[in-house]
Structures are given as C-alpha cells and as structure tokens.
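The block underneath contains the structure these notes are about, expressed in structure tokens.
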C-alpha cells in the first residue's frame, strides 16, 4: 500500500533543483549588487579628482563585476594620498 502511494506521487526532483538554482542565482545577484554599491561608495569617498571619479564610476557601470573587483584589488591601493595644506 505505501509502495503504491510512493509510486503514484509526482516526481518533485526537477522542482527542487529549480528552486535551488534560483536561490543560488538570487544570492549571486545580491552579492554583485552589494559589491557594486560598496565600490560606488568607496570611489565617491576616495581622494581622486572629480573627473577620475566619474571615469571610475562609468567603468563600474560598464563592467559591473570586473570594475568593482579591479577597484578593490588594483586601484584603491594606488590612490593619491590626501594632502593637508596649511
């Protein structure tokens, strides 16, 4: 009797896999958005001039994953120091 009920139940494996894949893609999208927003805030708060900031923000728009990664790995450490003049 139980065996017959199990055989009659619909196969839900594709639905479960679809939900899992959807959750992974949603998590990846949220992480990319958070990385992009963190980069935007970091670029706007940097010591670069206005024109350079504009170019960096455009690069982040053009390359939404590679732009932020390049900012944090390469560019941020090479930004000019803030000089206080008296």
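The values are calculated or read from the model by the stated rules, or taken from the named source; none is laboratory data. Predicted model, so just to flag it, every value in this text is computed and none were measured. As a convention, Cβ positions derive from the backbone with ideal geometry for all residues, glycine included, and neighbour counts pool all protein chains shown.
When 46, 42 are checked against the criterion of being modelled with pLDDT of 85 or more, surrounded by 10 or more Cβ atoms within 10 Å (Cβ to Cβ) and not in a helix (DSSP H, G or I), 46 stands alone in meeting it. The single condition among (1) in a helix (DSSP H, G or I); (2) modelled with pLDDT of 85 or more that residue 6 does not satisfy is (2).
Residue 76 fulfils the conditions (1) at pLDDT below 85; (2) not in a helix (DSSP H, G or I) except for a single criterion, (2).
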